[in-house]
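Here's the structure, in structure tokens; my notes come after.
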Amino acid sequence: MIQERPLPTFKASTAEVSKEEGLRLYNDMVLGRTFEDKCAEMYYRGKMFGFVHLYNGQEAVSTGVIQTMRPGEDYVCSTYRDHVHALSAGVPAREVMAELFGKETGCSKGRGGSMHLFSAKHRMLGGFAFIGEGIPVATGAAFQTKYRRESMGDESADQVTAAFFGDGTSNNGQFFECLNMAALWKLPIIYVVENNKWAIGMAHDRATSSPKIYKKAEAFGMPGFEVDGMDVLAVRSVVKEAVRRARAGEGPTLIEALTYRFRGHSLADPDELRSKEEKEFWLAKDPIKRFSAYMTEHNLATNDELKAIDKEIQAVVDDAVQFGLDSPEPNPADLRKYIFAEE
Amino acid sequence: MAETLMFNALREATDEEMARDNTVLVMGEDVGHYGGSYKVTKDLYKKYGDLRLLDTPIAENSFTGMAIGAAMTGLRPIIEGMNMGFLLLAFNQIANNAGMLRYTSGGNYKIPMVIRGPGGVGRQLGAEHSQRLEAYFHAVPGLKIVACSTAKNAKGLLKAAIRDDNPVLFFEHVLLYNLKDTMPDGDFVQPLDKAEMVREGKDVTILTYSRMRHHCTQAAKALEKEGYDPEIIDLISLKPFDFDTIGASIKKTHKVIIVEECMQTGGIAAELIAAICDRYFDELDAQPVRMSSQDIPTPYNGTLENLTIIQPQQIVEKVKAMVDGQI
């Protein structure tokens with residue numbers, strides 16, 4: 001039997017989920033999962049290139065955080081594992097898939113690729129491919145909100161920024177430097193650590209002298225929470241409080257979501273180090289299956305309704321693939337476009 | 001028309017742009033209450049408040065990234081590198097995010113920010129505080145690189161840099177902050193992409209920038225007395241180069257000497273000579289020559305330090321040799 005860090009328990013009965021919200025959460029998680037499964041298929045069929053990092057298993061975190069904010073209005077900052085964060089933030093599946101195909105219709109015009117998804121329109125600040133480098137950028141977006149409100153007198157500036165990153169990043173200086181600044185200036189930001197236990201092949205416990213990441217918040221006078229990252233309602237619950245704090249000007253929150261990636265680090269990862277027992281332990285906690293059960297048990301949806309959603313989402317993803325395949329390549333004459341802002 | 005020292009000209013530029021546009025802010029180490037290491041932001045916090053003169057913790061990579069995030073979302077931050085050398089610690093944010101993000105985002109975001117501060121070889125500051133990062137950053141796509149050299153162009157260029165929608169690396173020189181100039185009245189803005197004609201001449205084109213401009217003008221005074229007539233051009237923009245001005249001069253003199261303070265290997269002149277050969281090879285009557293600092297960490301000892309960077313007398317000799325056909 002493997003020794004896993006105990007997951008904090010959340011009383012689902014306290015969740016108070018409406019049918020509409022429940023369906024929205026379910027929809028978003030299924031979109032993330034279906035999209036990623038399709039990515040794997042496309043990668044192996046040679047339609048997608050480079051490094052592709054899939055999010056399977058972690059959907060409750062993206063959905064639980066972003067869908068509890070105001071997608072499209074609040075800011076989202078991600079890593080190289082960014083497809084599903086972009087989808088939760090509202091970037092259309094067509095634009096994400098086209099980007100992965102390197103097409104002109106992609107959200108980054110085919111210039112970015114899997115690890116560099118951007119959409120100013122959806123306030124997606126980016127996929128940042130190097131460890132930790134998105135955290136300062138997200139902190140800057142949060143600073144901007146405070147600046148607009150306090151220095152420019154814009155009372156409507158109450159946006160919150162969510163910065164996503166992994167357990168490996170929590171040992172990088174930018175994490176500590178930004179926690180310090182965000183707490184110092186009470187910035188409206190939520191730092192979300194998706195602790196999936198593995199930084200490629202480096203087990204979290206082998207890299208980290210004090211493995212409970214949420215406890216590091218205390219050093220900065222900031223609230224820190226650990227949450228079961230396989231339970232969308234648990235994530236939603238802690239994020240609600242973090243969003244409230246941020247909008248009220250009470251400052252940042254650190255959330256450590258304990259989660260797991262069902263696939264290797266990237267599609268190029270042979271995934272030889274993680275044990276079968278460990279994988280089985282976490283696969284049994286599949287956040288989508290768990291939330292489906294919640295929905296049906298609480299009479300928020302029937303199995304048929306959920307199956308109908310699955311089917312709709314499959315159609316959305318199939319349409320995204322077709323859109324990507326049909327889209328034009330970038331024009332070679334535009335090779336140097338976007339280096340500088342147009343005058 | 002008032003006389004102003006360079007540090008104050010930079011302060012005036014910052015003050016005027018902050019008054020004109022409330023999205024402009026300054027962030028960095030000791031830019032607020034302390035007034036900046038060379039007093040470029042002295043007392044501005046009293047006028048604009050702590051949020052617009054943001055004293056940051058000593059965390060270069062993170063506060064640079066913060067400025068990038070703020071710029072992506074609509075502000076126009078100016079970062080002061082207390083010493084430009086410290087920004088080696090921010091190399092990742094400057095290269096990956098300030099430089100490349102607009103491109104990788106397919107034009108989703110623009111990054112209007114200025115990264116400015118003192119660089120160059122001072123007086124016995126030791127190797128780490130005597131760096132010329134313009135050469136290190138030269139290869140990064142998406143950055144504009146500018147070096148000011150007089151109080152007047154410092155002001156006009158900084159105002160233009162703040163108004164530019166792209167990330168601008170703006171190099172000042174530690175030994176030039178007390179240079180004096182008469183300032184033009186009104187809203188004086190100098191284009192970032194234009195080189196400055198410092199001295200018109202017909203014998204040879206000297207291309208230079210930052211403090212070496214003054215070494216070149218000093219050399220020119222000695223050369224004039226002996227009947228030599230060099231043309232001196234201050235590049236101002238190190239990226240992109242102003243080939244209109246450079247090309248016109250080469251077509252006139254057919255000879256080029258580049259005088260720079262950065263190290264020779266991978267220096268500004270290395271790229272500039274290659275670009276000149278690409279464009280004007282047939283115009284050249286002699287091999288283009290570069291005069292650069294030694295490829296060594298800048299030594300503390302004053303005598304050794306002077307041997308590390310180019311001195312005016314060396315420029316005199318090189319010009320004579322080139323004009324006299326010995327090169």
Inset, instruction - Could you please tell me the mean projected area of the C-alpha convex hull for region A:22-322, averaged over all directions and given in square nanometres to one decimal? - result: 15.2 nm²
Inset, instruction - Using the Karplus curve 6.51 cos²θ - 1.76 cosθ + 1.60 with θ = phi - 60°, work out ³J(HN,Hα) for each residue of region A:251-260 in order, rounded to whole Hz, and write x for Gly and Pro. - result: x, x, 9, 9, 10, 9, 9, 7, 8, 7
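Return the inverse of the average 1/r over all pairs of distinct C-alpha atoms in region B:2-183, which is the Kirkwood hydrodynamic radius, in Å to one decimal. Could the numbers behind the result be given before it?
Details: mean 1/r = 0.0625 Å⁻¹.
Final number for the Kirkwood radius of region B:2-183 is 16.0 Å.
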Inset, instruction - May I ask for the net charge around B:GLY28, where only other residues with Cβ less than 10 Å from the Cβ of B:GLY28 are counted and Lys, Arg are +1 while Asp, Glu are -1? - result: -4
Legend entry - Computed magnitude of the charge dipole of region B:2-183 (debye, nearest 20; Cβ of K, R +1, Cβ of D, E -1): 320 debye
Legend entry - GNM flexibility winner over chain B from B:ARG132, B:ARG279, B:ARG213 (Cα, springs under 10 Å): B:ARG279
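Determine the relative contact order of chain B: mean sequence separation of Cα pairs under 8 Å and six or more apart, normalised by residue count, in whole percent.
Dividing the mean separation by the residue count of chain B yields 16 percent.
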Inset, instruction - Please report, in cubic angstrom per residue, the volume enclosed by the convex hull of the alpha-carbon atoms of region A:220-316. - result: 179 Å³
Inset, instruction - Compare A:CYS107, A:CYS77, A:CYS178 in a GNM of chain A, Cα atoms joined below 10 Å, and give the one with the largest fluctuation. - result: A:CYS178
Legend entry - ³J(HN,Hα), Karplus 6.51/-1.76/1.60, whole Hz, each residue of region A:195-207, x for Gly, Pro: 7, 9, 6, 9, 9, 6, x, 9, 5, 3, 5, 7, 9
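Mind running the shape call on region B:196-323? Use the C-alpha gyration tensor, a ≥ b ≥ c as the square roots of the eigenvalues: rounded below 1.5 for a/c, prolate if a/b tops b/c, oblate otherwise.
Details: a/c = 1.81, a/b = 1.25, b/c = 1.45.
In terms of gyration-tensor shape, oblate.
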Inset, instruction - Wrap a convex hull around the Cα atoms of the protein assembly as shown, take a quarter of its surface area, and give that in square nanometres. - result: 32.3 nm²
Inset, instruction - Let me know the mean shielding of A:101-110 by other chains, meaning the per-residue number of their Cβ atoms within 10 Å of its Cβ. - result: 2
Legend entry - region B:117-231 - Rg and Dmax from Cα coordinates, angstrom: 15.5, 47
Legend entry - Folded to 0 to 90 degrees: helix B:212-225 orientation relative to chain B principal axis, Cα: 30 degrees
Legend entry - Whole-angstrom Cα spans of chain B along principal axes, big to small: 59, 43, 41
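What's the average, rounded to a whole number, of partner chain beta-carbon atoms within 10 Å of each residue's beta-carbon in B:94-104?
5
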Legend entry - Euclidean distance between Cα centres, region A:1-64 to region B:111-148, Å: 45 Å
Legend entry - C-alpha long axis of helix B:6-20 to longest principal axis of chain B, angle in °: 40 degrees
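How high is the relative contact order of region B:16-82, in percent, counting Cα pairs under 8 Å that sit 6 or more residues apart? Kindly include the intermediate steps, with their values, before the conclusion.
Details: 99 pairs, mean separation 28.3, N = 67.
Across region B:16-82, relative contact order equals 42 percent.
For the protein assembly as shown, what proportion of DSSP beta bridges, expressed in % and rounded to the nearest 5, is antiparallel? Intermediate values should be presented prior to the final figure.
Details: 12 of 69 bridges.
Rounded to the nearest five, the antiparallel share is 15 percent.
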Legend entry - Average Cα contact separation per residue, chain A, under 8 Å, 6 or more apart, as relative contact order %: 23 percent
Legend entry - Distant alpha-carbon pairs in region A:77-194 (separation over 22 angstrom), percent: 36 percent
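Here, each number is a calculation from the coordinates, and none is a lab measurement. As the structure is a prediction and not an experimental result, all values here were calculated from the model. No Cβ is skipped: glycine too gets one built from the backbone with ideal geometry, and neighbour counts run over all protein chains shown.
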